[in-house]
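Colleague: Sharing a structure here in structure tokens format.
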Amino acid sequence: MTMNKFKKISKIIAIAVLSGIVSCSDSFLEEHKTWTMSAEYFDTPEGLRELAAGLPQTLRLMHASEYSYAMLNYGTDEFQTGSDPSNVMWNEYNAGLQSVVSGGSSNRIQPQTAWDICYVAVNSQNIVIEKAPKVLTDPTELNSVLGEALFMRGWTYFYLVQQWGGVPIKLAPSVRLEREFARSSREETLQQALDDLQESYDRLDNPANRIQGKIYKDAAAHFLAKALLYRQSEICSDFNASTKSADLAKALQLCDEVISHRPLAPDFVDLWDFKVADGDNEKLPEVILAAQYSAAPKGANGRYGNNQCVYFISNYRFWTGFERDIAGGREFARLKNTDYVYNVYDLVNDSRFWKSFRTTQAVNFPSQMVGVWAGSSVTFQIGQLGTLFVINSKDDDRFQVPAGSIIPEPTNAGQPPITRIKNKATGQYEPILCPETGVPIPNVLPRYRVQEGSVVPEYAYQGLQWPTMSKYLDGTRPDVTSTNSARDGIVARVAETYLIRAEIKLRQGDNTGALSDINIVRKRAGYKTGEDRARYVDGTQSLTTSERPYSSFYGKNSYYESNDIAVTAGATEDNMIVSDWNTLPVEDEEIIAQLGYASDFDRKMCFLLNERSRELMGEMVRWTDLSRTGTLVKRAYVFNEDVAKVGNLDDHHLVRPIPQSFLDDTWKEGRPLTGAEKQAMQNPGY
């Protein structure tokens with residue numbers, strides 16, 4: 001289905017959105033008449049097929065616009081506000097996070113943005129579910145169309161219940177203006193999602209020849225298992241006891257099915273080795289479901305474009321030797337890694353950090369000379385190593401700097417903090433040289449450094465600079481100002497299925513089985529024999545324009561500089577295996593100690609959530625992971641300095657505020673809700 005057709009149909013059905021502005025003007029009546037006439041198209045096989053084909057567009061909720069990262073990544077242990085505070089309230093849980101969001105900037109998103117998209121989608125889904133049995137005569141086609149529509153409705157209600165708890169349940173198309181809606185409970189809303197996902201699972205199959213972007217039985221199985229696990233998570237503890245045994249058993253069987261059908265990619269980096277739209281990395285069997293995007297002209301993906309290619313990037317264009325380019329990305333700088341991100345990985349044995357973050361960039365603008373290099377006789381060359389993030393530890397004293405060196409403030413004028421370090425043999429301060437070329441690296445950014453005369457290391461990633469998460473970078477963007485990516489947005493993959501199965505087993509008391517599943521994922525993350533640990537790839541290697549020779553992409557990472565070890569070709573897969581729950585990796589024990597966990601279950605769940613971080617970092621699941629397990633408040637306070645500074649987060653933030661627009665437009669018994677009735681319908685604390 002073309003984007004233009006989808007947008008046209010979406011406009012036709014938009015009057016049914018629950019929080020839509022109500023009007024009795026002639027223009028509204030004319031629009032209603034247009035709806036009546038246009039709806040007849042859905043009574044034809046052609047019309048219904050077109051509408052059904054557009055339903056998966058809702059999956060773009062995971063990757064489009066500001067609401068994606070704000071509602072799914074912000075305010076957790078992994079990410080905090082970058083140098084652009086447009087949606088700071090979603091990260092800090094400050095007083096601006098209410099039914100009408102205030103603060104931040106004009107780019108801030110309101111709760112109703114995602115809410116409205118969901119209910120417009122539900123109406124489309126309801127049309128297909130109601131009309132398909134009457135319009136489609138072929139049983140195979142009917143099962144496929146109904147199965148996909150039911151999946152999307154189940155997925156949408158699952159999204160809604162994770163964000164807002166109980167919401168209004170709408171199971172029939174809206175053909176006229178509706179004003180009165182009752183809010184269902186969390187239990188009822190979740191049950192509706194489960195019912196739809198179950199019927200979808202019953203109708204769909206897994207054909208041998210699959211079409212990229214279509215929804216198949218494995219997707220229904222994965223999300224049905226995930227929703228069942230959600231019901232057995234701590235957030236549902238007030239009603240889940242009676243279904244515990246059946247939920248976990250069913251979810252386990254579903255995970256077994258998916259895992260038996262789909263192998264993990266051989267290498268973690270295979271998932272992110274993007275060279276062209278719809279290329280090999282987007283067709284891997286590990287990818288169960290993805291929101292589909294394409295290499296369309298600039299702006300063709302509209303308001304639901306995949307914008308994640310710009311939100312994670314830290315500023316670089318003011319550094320020595322740099323200007324903004326397609327490979328470097330347009331740095332919206334919304335999300336900054338917390339210190340937890342660097343602590344949660346085994347940076348020597350676990351390849352996932354080095355395959356998920358950009359720690360180097362190449363000089364692309366030699367005449368951009370700033371700081372100590374301005375007026376210098378040093379000549380930088382295009383393509384040489386220009387920026388080096390060194391992910392070192394607190395006990396690393398290699399980076400001694402002159403007393404008074406200043407970590408840059410978060411302004412556009414901020415410069416990288418280190419250009420020279422003390423040579424311990426001579427006592428002199430010298431440039432840091434590239435080990436491959438022997439020429440100075442103009443911008444070196446260690447995580448920790450020590451000022452001369454001090455023994456206390458200081459944390460340096462406080463201003464504009466931090467290693468960019470690279471999973472969404474895209475060199476196929478038509479120009480440097482473009483904010484839309486051609487990359488598909490992964491919604492489900494088998495590595496997560498393994499971790500879902502591990503959590504199910506953990507909750508069933510099968511500790512051995514849980515650890516076995518975690519180890520399968522961890523072993524894939526280890527280095528293979530002969531693997532070049534310094535090799536780096538990201539989606540900007542896909543750059544095909546005339547800018548390629550001047551690209552800031554650099555094909556090596558800072559693995560060896562960060563870990564300060566000799567070059568090796570040995571394997572680390574076995575080093576990733578955890579053989580005993582009582583002997584967890586050092587990085588996990590440190591995190592457990594910081595969180596103060598002592599009970600056996602809390603320790604194991606902490607390790608599992610850490611593993612979900614390592615594997616799924618930035619993949620739009622973290623906020624729901626922490627909210628459903630009741631760990632959001634503690635983890636965010638301990639690891640997100642913005643949350644700790646504001647001090648406003650509490651358990652009422654485990655759900656989002658019901659949009660004020662919905663409350664204002666909802667009626668009861670033929671009249672608008674009173675203030676007290678609106679407050680009764682609102683989530684507590686907002």
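The values are calculated or read from the model by the stated rules, or taken from the named source; none is laboratory data. None of the values given here were measured: they were computed from a predicted structure. Don't worry about glycine lacking a Cβ; one is built from the backbone with ideal geometry, like all the others, and counts go over all protein chains shown. Heads up: the accessible areas ignore ligands, DNA and RNA and are worked out on the full protein's heavy atoms, side chains in. Shrake-Rupley method; radii C 1.70, N 1.55, O 1.52, S 1.80 Å.
Colleague: Collect the residues in region 500-536 that are among the basic types (Lys, Arg), farther than 18 Å from residue 629 by Cβ and in contact (Cβ under 8 Å) with a residue 24 or more places away in the chain, keeping them in residue-number order.
Modeller: Answer for region 500-536, where residues must be among the basic types (Lys, Arg), farther than 18 Å from residue 629 by Cβ and in contact (Cβ under 8 Å) with a residue 24 or more places away in the chain: 522, 523, 524, 528, 533.
Colleague: Counting only residues that are closer than 19 Å to residue 139 by Cα and either at pLDDT below 95 or in contact with a Phe, Trp or Tyr (Cβ under 7 Å, 6 or more places away or on another chain) (or both), which one in region 211-223 is surrounded by the most Cβ atoms within 10 Å (Cβ to Cβ)?
Modeller: Residue satisfying both the conditions and the ranking: 215.
Colleague: Separate question: Which one of these is in contact (Cβ under 8 Å) with a residue 60 or more places away in the chain, in contact with a helix residue (DSSP H, G or I) (Cβ under 6 Å, 6 or more places away or on another chain), outside any loop (DSSP other than H, G, I, E, B) and among the β-branched types (Val, Ile, Thr): 483, 476, 497?
Modeller: 497
Colleague: For region 416-441: of the residues being under 20 Å from residue 360 (Cα atoms) and polar (S, T, N, Q), which is most open to solvent (accessible area, probe 1.4 Å)?
Modeller: Only one residue fits best here, namely 437.
Colleague: Let me ask something else. Quick one: count up the residues across region 75-95 that are free of Cβ contacts under 8 Å to residues at least 40 places away in the same chain and open to solvent by 10 Å² or more (accessible area, probe 1.4 Å).
Modeller: Qualifying residue count for the region: 1.
Colleague: Kindly provide the set of residues from region 561-613 that are under 30 Å from residue 444 (Cβ atoms) and touching a Pro at 6+ places or on another chain (Cβ under 8 Å), ordered by number.
Modeller: 561
Colleague: Something else about it: Only residues that are of a type in the set (D, E, K, R), in contact (Cβ under 8 Å) with a residue 40 or more places away in the chain, under 23 Å from residue 376 (Cβ atoms) and outside any loop (DSSP other than H, G, I, E, B): list them for region 413-468, please.
Modeller: If the condition is that a residue be of a type in the set (D, E, K, R), in contact (Cβ under 8 Å) with a residue 40 or more places away in the chain, under 23 Å from residue 376 (Cβ atoms) and outside any loop (DSSP other than H, G, I, E, B), then 420, 449 are the ones that fit.
Colleague: Right, here's the next one. Across region 153-184, what is the total count of residues that are part of a loop (DSSP other than H, G, I, E, B) and within 15 Å of residue 227 (Cα to Cα)?
Modeller: 2
Colleague: Is region 284-299 home to any residue that is in contact (Cβ under 8 Å) with a residue 12 or more places away in the chain, among the acidic types (Asp, Glu), in contact with a Phe, Trp or Tyr (Cβ under 9 Å, 6 or more places away or on another chain) and over 20 Å from residue 65 (Cβ atoms)?
Modeller: No: region 284-299 contains no residue that is in contact (Cβ under 8 Å) with a residue 12 or more places away in the chain, among the acidic types (Asp, Glu), in contact with a Phe, Trp or Tyr (Cβ under 9 Å, 6 or more places away or on another chain) and over 20 Å from residue 65 (Cβ atoms).
Colleague: Can you tell me which residue is nearest to residue 168 (Cα to Cα) among those in region 96-112 that are under 21 Å from the mean Cα position of the chain (by Cα) and either open to solvent by less than 30 Å² (accessible area, probe 1.4 Å) or modelled with pLDDT of 95 or more (or both)?
Modeller: Selected residue: 112.
Colleague: Could you figure out which of (1) open to solvent by 20 Å² or more (accessible area, probe 1.4 Å); (2) among the charged types (D, E, K, R); (3) more than 18 Å from residue 192 (Cβ to Cβ) isn't true of residue 226?
Modeller: Looking at each condition in turn, residue 226 falls short on (3).
Colleague: Still on this structure, I have one more. Tell me which residues, restricted to region 303-328, are in contact with a strand residue (DSSP E or B) (Cβ under 9 Å, 6 or more places away or on another chain), in a loop (DSSP other than H, G, I, E, B), of a type outside the set (A, V, I, L, M, F, W, C) and at pLDDT below 95.
Modeller: Those that are in contact with a strand residue (DSSP E or B) (Cβ under 9 Å, 6 or more places away or on another chain), in a loop (DSSP other than H, G, I, E, B), of a type outside the set (A, V, I, L, M, F, W, C) and at pLDDT below 95: 305, 307, 314, 316, 320, 321.
Colleague: Oh, and also: Here are 504, 500, 520, 565: which of them is open to solvent by 50 Å² or more (accessible area, probe 1.4 Å), β-branched (Val, Ile, Thr), closer than 16 Å to residue 256 by Cβ and at pLDDT 95 or above?
Modeller: Checking each option against the conditions leaves just 520.
Colleague: Answer yes or no: is there a residue in region 344-357 that is among the acidic types (Asp, Glu), open to solvent by 10 Å² or more (accessible area, probe 1.4 Å), under 24 Å from residue 525 (Cα atoms) and part of a helix (DSSP H, G or I).
Modeller: No, that holds for no residue.
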